[in-house]
Amino acid sequence: MLKTAIKAAKEGGKIAKRYFETSLEKREKSDSTIVTKADEEVEAKIIEIIKGKFPEHGIVGEEGGFSESDSAYQWVIDPIDGTLNFVNGIPIFSVSIALAKNNEPVIGVVFNPITSTLFYAEKGKGAFWNDQKISVSDQNATRAMVSMGSSQEIKDKDTIRELFKILPKHVKTVRHLGSAALELCYVARGGTEGFINLGTKKWDYAAGSIILLEAGGKITDLKGNPWEFDEKYFIASNGIIHPELLSAMKEI
Ligand code: IPD
Ligand code: CA
């Protein structure tokens with residue numbers, strides 16, 4: 001199943017790369033995020049590959065791909081996570097594919113086709129970056145870089161604005177990179193130390209979350225309680241800076 005996920009991410013990525021830095025028509029969806037024909041073509045390709053191998057599995061994709069199923073397995077697909085970066089020629093976006101079993105991620109693959117960066121993980125088997133085993137960093141808060149993702153909702157944007165004010169008191173530097181999937185993987189690889197997610201969709205964080213956990217990272221809800229897959233508000237970190245991020249959230 002991991003092999004299929006990687007193949008689908010790479011094939012989808014090829015399509016996204018072909019469209020990168022071309023003039024694509026942007027359409028606004030009801031949740032005010034953007035979609036292009038590249039998103040739709042990438043999703044169709046991924047679903048074709050997955051259905052070819054596992055026709056009995058359920059599927060949910062950001063651009064409408066949906067297969068109802070009685071199977072315990074469901075694929076959660078974001079064909080392009082970071083569409084706004086993608087359409088604006090900013091190479092921080094990814095193809096994100098997760099497989100959940102009984103609503104718990106067991107496989108995650110995140111692929112940036114521009115840099116050919118591949119992250120993947122399988123439950124209990126560790127996390128990998130281009131076939132090299134990865135783990136979270138051992139940096140403390142004074143040296144930490146933390147990024148944030150938010151939904152389009154005003155309340156989430158307000159929280160982000162507050163966090164930009166408060167977080168620099170707790171950590172070294174903050175970012176808003178625009179691809180939740182990649183941002184979770186950056187923490188997993190030990191490049192950044194934390195990622196705060198405010199209301200993004202399941203397909204944005206599904207694959208990245210298992211990659212982060214398999215790399216030894218920690219995820220809790222915003223109050224520090226154990227995280228569940230359906231919870232769209234969470235703090236992900238290398239574990240070491242987690243108390244700092246929880247304190248920052250408390251100040252809001
Ligand atoms: C977006 C990214 C981004 C987050 C946005 C999402 P999309 O995903 O994950 O980091 O801040 O809210 O919509 O729409 O490009 O797949
Ligand atoms: Ca997307």
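The values are calculated or read from the model by the stated rules, or taken from the named source; none is laboratory data. Quick caveat: nothing in here was measured; it's all calculated off a predicted structure. Every residue, glycine among them, receives a Cβ derived from its backbone with ideal geometry; neighbour counts consider all protein chains shown. Heads up: the accessible areas ignore ligands, DNA and RNA and are worked out on the full protein's heavy atoms, side chains in. Shrake-Rupley method; radii C 1.70, N 1.55, O 1.52, S 1.80 Å.
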Kindly write out, for segment 101-116 in residue order, the coupling ³J(HN,Hα) from the Karplus curve 6.51 cos²θ - 1.76 cosθ + 1.60 (θ = phi - 60°), rounded to whole Hz, with x marking Gly and Pro.
10, 6, 6, 9, x, 10, 9, x, 9, 10, 10, 9, x, 6, 9, 6
Given the Cα atoms of segment 168-249, and with Rh set as the inverse mean 1/r over their pairs in the Kirkwood sense, what is Rg to Rh to two decimals?
0.91
Starting from the amide H of LEU177, placed 1.01 Å from N in the peptide plane, find each other amide H under 5 Å away whose residue is 5 or more places distant or on another chain.
MET148
Set LYS10/LYS123; LYS157/LYS232; LYS10/LYS51; LYS7/LYS133, cut-off 23 Å on Cα-Cα distance; pairs above it are none
Where the centre of each part is set by its Cα atoms, how far does segment 205-252 sit from segment 18-77, in angstrom?
26 Å
Farthest toward the dipole's positive end in segment 3-118, which of ALA38, ASN85, PHE111, given Cβ charges of +1 (Lys, Arg) and -1 (Asp, Glu) about the Cα centre?
PHE111
Quick check: at a probe of 1.4 Å, how many percent of the accessible area of the chain sits on carbon and sulfur atoms?
49 percent
Calculate the all-directions average of the projected area of segment 19-61's alpha-carbon convex hull, and give it in nm².
3.8 nm²
Give a residue-ordered list of calculated ³J(HN,Hα) values for segment 238-252 (Karplus: 6.51 cos²θ - 1.76 cosθ + 1.60, θ = phi - 60°; whole Hz; x for Gly, Pro).
6, x, 5, 8, 4, x, 5, 5, 5, 4, 4, 4, 5, 6, 7
Which sequence of SER96, SER69, SER30, SER135 reflects their accessible areas, 1.4 Å probe, from the largest down?
SER30, SER135, SER69, SER96
Using θ = phi - 60° and the Karplus relation 6.51 cos²θ - 1.76 cosθ + 1.60, list the HN-Hα couplings for segment 59-68 in order, rounded to whole Hz, with x at every Gly or Pro.
9, 9, x, 4, 8, x, x, 8, 10, 6
Just for the chain, what percent of DSSP beta bridges are antiparallel, to the closest 5?
75 percent
Measuring with a 1.4 Å probe in the full set of protein chains, what accessible area per residue, in whole Å², belongs to the chain?
45 Å²
For segment 4-137, what is the Kirkwood estimate of the hydrodynamic radius, computed as the reciprocal of the mean inverse distance between distinct Cα atoms, to one decimal in Å?
15.1 Å
Roughly what % of Cα-Cα distances in the chain sit above 31 Å, to the whole percent?
18 percent
Of the trypsin sites (Lys or Arg not before Pro) in segment 1-101, those whose Cβ has at most 14 other Cβ within 10 Å and which sit in DSSP loop:
LYS26, LYS29
Relative contact order, percent, of the chain when contacts are C-alpha pairs under 8 Å separated by at least 6 residues?
17 percent
Using a ≥ b ≥ c from the Cα gyration tensor of segment 65-176 (square roots of the eigenvalues), is it rounded, prolate or oblate, where a/c under 1.5 gives rounded and otherwise the larger of a/b and b/c decides, a/b for prolate?
prolate
Chain lengthening between THR142 and LYS7 when straightened (0.36 nm per residue, less Cα-Cα)
44.7 nm
